[in-house]
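**Q** Right, I'll just put the structure down here and ask away after.
The values are calculated or read from the model by the stated rules, or taken from the named source; none is laboratory data. Computed from a predicted structure; not experimentally measured. Here Cβ is always computed from backbone atoms with ideal geometry, including for glycine, and neighbour counts include all displayed protein chains.
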Amino acid sequence: MGNLENMLKTEIERLTRKELAGALTPLQKEIRDLSRQVKALQGQVQRGSRRPAAAPATPGSGEAVTLEASPAEVERARISPGLIKKLRAKFGITQSQLAALVDVSPAAVQSWEQGIARPGDDNKAILVALRNKTRPEVTDLLEAKGVAKSMRKPRTNLRGRRTQSEADQGDSAEA
């Protein structure tokens, strides 16, 4: 009886290994392909290449919100320092939040707004695409990227008091 039991046990183990091997082989191939893709992307990052201008899917929606503009739109668009400031004002976002949307540093956005530098073609495409978005769409994009809403405090002087310009604005609002 013990011999039959051992024989059944080994046969079950053999068939289980065979089933697992059949199921794992496609997964192993997929893992190899994904590893190659990761290595290729790491190479692009090291060479300074940019990724396509697309944002991840927004939470709760079934579709991906993208920031894409046609090449014709990008070519026609004139992106000025004033336009970038107006774009931020339209959406009520900070330079850091705009930088997160475009995947650049806040210093880059600051230099664009000051006219020191100009956005590259891929960044220009994202800015052109942002012009056609609404405030809620931009808020969703920021949430999808994990960027928190600005909790900026009013400017204060060294003594912790509001600056004169903000005090004047507060007084006129109370009147």
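**Q** I need the full set of residues from the stretch 114-139 which are in a helix (DSSP H, G or I), surrounded by fewer than 19 Cβ atoms within 10 Å (Cβ to Cβ) and not basic (Lys, Arg), in order please.
**A** ASP121, ASP122, PRO136, GLU137, THR139
**Q** To continue, here is another question. Looking at (1) of a type in the set (Asp, Glu); (2) under 30 Å from THR134 (Cβ atoms); (3) at pLDDT 85 or above, which one does GLU11 not meet, given that it meets all the others?
**A** (2)
**Q** Being surrounded by 10 or more Cβ atoms within 10 Å (Cβ to Cβ) and assigned to a helix (DSSP H, G or I) is the filter; apply it to the stretch 41-51 and report the residue that is modelled with the highest pLDDT. Before the answer, list the steps.
**A** If we filter the stretch 41-51 for residues that are surrounded by 10 or more Cβ atoms within 10 Å (Cβ to Cβ), which is where we start, we get 41-45, 49-51.
Still in the list and also assigned to a helix (DSSP H, G or I): 41-45.
Values: LEU41: 85, GLN42: 82, GLY43: 77, GLN44: 76, VAL45: 80.
Restricting to residues being surrounded by 10 or more Cβ atoms within 10 Å (Cβ to Cβ) and assigned to a helix (DSSP H, G or I), the top hit is LEU41.
**Q** A further question on this structure: Consider PRO136 carefully, then state whether it is at pLDDT below 85 and of a type outside the set (Asp, Glu).
**A** Numbers: at pLDDT below 85: no; of a type outside the set (Asp, Glu): yes.
Considered against the rule, which asks whether it is at pLDDT below 85 and of a type outside the set (Asp, Glu), PRO136 comes out as no.
**Q** Another question, if that's okay. Within the stretch 96-104, is there a residue that is among the β-branched types (Val, Ile, Thr), part of a helix (DSSP H, G or I), closer than 23 Å to VAL45 by Cα and at pLDDT 90 or above? Before you say what the answer is, go through the steps one by one.
**A** Our first condition is that a residue be among the β-branched types (Val, Ile, Thr); within the stretch 96-104, this holds for 102, 104.
Keeping just the survivors that are part of a helix (DSSP H, G or I) gives 102.
Then drop every residue that is not closer than 23 Å to VAL45 by Cα, which leaves 102.
With the extra rule that they be at pLDDT 90 or above, the set shrinks to none.
So far as the stretch 96-104 goes, no, none of its residues is among the β-branched types (Val, Ile, Thr), part of a helix (DSSP H, G or I), closer than 23 Å to VAL45 by Cα and at pLDDT 90 or above.
Listed here are the residues, each with its yes/no results for (1) part of a loop (DSSP other than H, G, I, E, B); (2) modelled with pLDDT under 90; (3) not β-branched (Val, Ile, Thr).
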residue: LEU24; (1), (2), (3): no, yes, yes
residue: ARG36; (1), (2), (3): no, yes, yes
residue: GLY60; (1), (2), (3): yes, yes, yes
residue: ALA107; (1), (2), (3): no, no, yes
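**Q** A follow-up question, please. Which one of ALA100, ALA89 is more than 24 Å from PRO71 (Cβ to Cβ), free of Cβ contacts under 8 Å to residues at least 60 places away in the same chain and more than 11 Å from the chain's Cα centre (by Cα)?
**A** Numbers: ALA100 fails: more than 11 Å from the chain's Cα centre (by Cα).
Of the residues listed, the single one that is more than 24 Å from PRO71 (Cβ to Cβ), free of Cβ contacts under 8 Å to residues at least 60 places away in the same chain and more than 11 Å from the chain's Cα centre (by Cα) is ALA89.
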